[in-house]
Structures are given as structure tokens and as C-alpha cells.
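Structure, as C-alpha cells:
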Amino acid sequence: MTPDVGAQMRKGVVEYCVLGLLARGPMYGWELSERLIAEGLIASIGTLYPLLSRLRQSGWVRTFERPSASGPVRRYYELTDRGVQQLAQFRASWTPFARSVADLIADVPPMARTIAEGEA
């Protein structure tokens with residue numbers, strides 16, 4: 001896969017991955033970036049902050065500050081009601097979309113797979 005294809009796929013879903021992480025509970029930026037970097041969804045923490053700013057401007061997330069035992073005050077991000085709604089809409093669309101894409105790019109067409117499985 002060329003880097004451009006992977007980058008385009010990530011661009012389309014990374015904001016919803018952030019919403020999905022925040023649905024589990026508030027997180028601070030560094031925490032979010034570590035998870036997203038580990039999953040290969042962003043390259044660096046510098047990529048995350050503009051995205052978080054857009055999510056905040058859209059009203060999907062809000063921030064609050066909390067003291068840290070190991071350093072300066074941390075800014076936490078959490079979902080708003082609008083963010084919860086957006087994530088629910090994405091979840092409802094994702095599974096059928098991903099299934100369609102998987103079927104279209106599969107080595108064996110789904111119909112042939114169904115016929116072959118029926119003969120086995």
C-alpha cells in the first residue's frame with residue numbers, strides 16, 4: 001500500500017477514533033496521542049492538537065483542566081452530547097460500509113465464497 005492510500009484512509013476515520021476513545025472517559029492530549037500513534041493512526045502528537053481543536057469548534061468535545069501529580073495542570077478532553085450523537089451515527093454507518101469495502105476488495109467474491117462454503 002502506498003503511503004498516500006493509508007493517509008487518506010486515516011484522515012477519514014481518525015476523528016471518530018478520537019471520539020471512540022473519549023467515549024470511554026476523559027483523556028488528556030498526550031494519552032490520546034500515545035494510543036493513536038501506537039495504532040498507526042497519527043504520526044505525532046503535533047497532528048493531534050489541530051484535530052482536537054476542530055472537534056472542540058464543532059462542539060463534539062469540551063475541555064477541562066485537572067492538576068497532575070507529576071507536573072503541570074493537564075487539559076482533558078471529553079465528549080459532549082453532540083459528540084456522543086456523532087459517534088453513534090458513525091458507528092451505525094461504519095459496519096455496513098466496512099463490510100461493503102471488504103467484499104469489493106476481497107480475493108474471492110462474496111457470492112463465490114458463499115457458494116463454495118455451501119458445497120463444503
For the stretch 82-120, the count of residues that are β-branched (Val, Ile, Thr), more than 22 Å from Met9 (Cβ to Cβ) and at pLDDT 90 or above equals 1
Filtering the stretch 46-62 for residues that are exposed (fewer than 14 other Cβ atoms within 10 Å of the Cβ) and either touching a Phe, Trp or Tyr at 6+ places or on another chain (Cβ under 7 Å) or over 17 Å from Glu34 (Cα atoms) (or both) leaves a count of 5
Tell me yes or no: at least one residue of the stretch 1-8 is over 13 Å from the mean Cα position of the chain (by Cα) and assigned to a strand (DSSP E or B).
no
Residues of the stretch 33-74 being outside any helix (DSSP H, G or I), of a type in the set (Ser, Thr, Tyr) and modelled with pLDDT of 95 or more, in sequence order, are Ser58, Thr63
Q: Can you confirm whether the stretch 23-39 contains a residue that is in contact with a Leu (Cβ under 7 Å, 6 or more places away or on another chain) and closer than 30 Å to Ile105 by Cα?
A: yes
Taking the stretch 1-25 and keeping residues closer than 22 Å to Glu65 by Cβ and surrounded by 16 or more Cβ atoms within 10 Å (Cβ to Cβ) leaves Val18, Leu19, Leu21, Leu22
Selection from the stretch 64-74 of residues in contact with a strand residue (DSSP E or B) (Cβ under 9 Å, 6 or more places away or on another chain) and either surrounded by 15 or more Cβ atoms within 10 Å (Cβ to Cβ) or over 12 Å from Met27 (Cα atoms) (or both) yields Pro67, Ser68, Val73, Arg74
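The values are calculated or read from the model by the stated rules, or taken from the named source; none is laboratory data. Predicted model, so just to flag it, every value in this text is computed and none were measured. Heads up, the Cβs are rebuilt from the backbone with ideal geometry, glycines too, and the neighbour counts pull from every protein chain shown.
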